[in-house]
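The values are calculated or read from the model by the stated rules, or taken from the named source; none is laboratory data. Because the structure is a prediction, the values reported are computed rather than measured. Cβ atoms come from the backbone with ideal geometry, glycine included; neighbour counts cover every protein chain shown.
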Amino acid sequence: MLVKVRFGEIQKYVKVAQTNEGYEDFNTFLQKVIQKLDLPLETELHLTDESGTDVDADVFEELLRAGNLTVRVTSERSTVLLQPDPSKTSVESSTSVSSFPSAFGDSFSSDSSDATVIFEKNGGRRTHSEWESAKETVRNALQAKPGGQVIFDEYEKTKKLKDSTRRKLVNLLVADMVEIHGRIPPVSVRRKYALGIISLFPSLRDPYSDNGYEHFYDPQSGSGYLAWRLKTVQRNSAAQSRRSSTNTVHQDSPKRRREFLTHDKQLLGDECHEAVSFLKHSTDVSTIKEKMRATFQYRQSLVQDQRSSLTVLDVFPRFLDIPGLIEQDFIQMFGEEVSGRFLARWPTFFKARILADCKNMTSNEHIENLLSMQQDSSGLGWDSDLSSVLLLVHLLPPTSKGHKKSVKMSSCQAVDHVVKYLQMGASVETFLAGVEPGQPFLLCVGENKSSIQRYYVIMDHKAIPCKAQTSLAAFDELFKAHFTFSINYHDSLHNFYTFIQTTVFNIDVGSAKESPRVKEIRARLLQDTCDT
């Protein structure tokens, strides 16, 4: 594809080669720009988006995929400026407040009106209504997000924010910004949120800067807390997009687009958005579940969209405090009969056959411990039901992907991607802070592994409480979370989860891509049934 390059009054086109694996190397493109403009070879170019925020190679490739890129080179900072949609983007001049209110609450008294104008440097001006609009935008965003009230409470008490609270403030606002305006929000949006912060929390204003909000967002340099957080979100999202694109998504996987069985009336348009807003504030559990059923199709459209799937728990935070919503969505996908198959079949049919088959395996300490829990559940290991599920991981161990960089994982290591244990009394938040990003897993909290008091499905560094009171029911919710949130199975557990999907739940039977090992184990376990 061709990328338009502007340098002052000069306009050039630089060709970006495309291969089967994507676009050419990022540094190769920079060298082409330097050569096209006859700049010194040692010139260092910096890429930014239209707001001036730095863009690394990962985000650059994603912007290329969007097409219609214009690259602007400024001689002052040797900076390359990307404008994702040049037809809609204009280079805005920096505006600075020359007469800034010393205290927003006092300065804008009841005598103020929408006609009030604040003059800024370079001829800019801002009305009172713009200040109020920015203030309300930030206020509404924080009130709609879990944890937002903590920020209000701390500021009300101390008239300032701790570093950790300020980070939470920035993270929540960037999440809201991305949710509404996409991963690369316009300059005007970033400036509005920065303005809203110091309007809502006047003590956070910097009296030595032109506008007072440059430490949150500086349109001149593209720096500030909001800009830096956006860059992190862009980088992580691009990495997630690359991982998703390199993983083969089969028509039988949890990410498959399916026809839903739900018979509940689905809300659309403004009614749907009103319901989503209502869900964030309601305390009536029955009404919450009703509205969640009515917004099911909208939620599925989010999880199927790679750009918005990462924010589904921000849009629907009730997953984090109302147990049972994962299963409710799963039932709307497949119906109650399919939803109940695992808990009906595992203890009465599959458990005994798996235990018998594992006794014939080449044993190791881990297998012995899991088998021993079938006779003595008072020990330090998992209870007999969860132990039987984990033994299936040993029957269907991880396989090498055949790549040179791929390191084969052991069954014991794979088990750690199914379930983890946390001692009762330990902080779940501290635990989550140390968790590496990845596919969902089950967190069991209790006095010991055989006596668990609480179960959580961990996803996107968030703990979703399980409705389940038993380990088997909790694992059932973990499996269903893959379909509810449209998430591929962990690579090391693909055979394990595919067996559960096809052989136990009977989902996508005949169309699922199964390894020979999955088919072999199924044939072996079902042989007794066939004989009878």
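Looking at the range 144-166, which of its residues are surrounded by fewer than 18 Cβ atoms within 10 Å (Cβ to Cβ), assigned to a helix (DSSP H, G or I) and without any contact (Cβ under 8 Å) to a residue 12 or more places away in the chain?
The answer is Gln149, Phe152, Asp153, Glu156, Lys157, Thr158, Asp163, Ser164.
Do the conditions hold for Leu343, that is, is it part of a helix (DSSP H, G or I) and at pLDDT 95 or above?
Criteria met by Leu343.
In the list Arg345, Arg341, Arg318, which residue meets the criterion of being in contact with a Leu (Cβ under 8 Å, 6 or more places away or on another chain) and surrounded by fewer than 18 Cβ atoms within 10 Å (Cβ to Cβ)?
Just one listed residue meets the conditions, Arg318.
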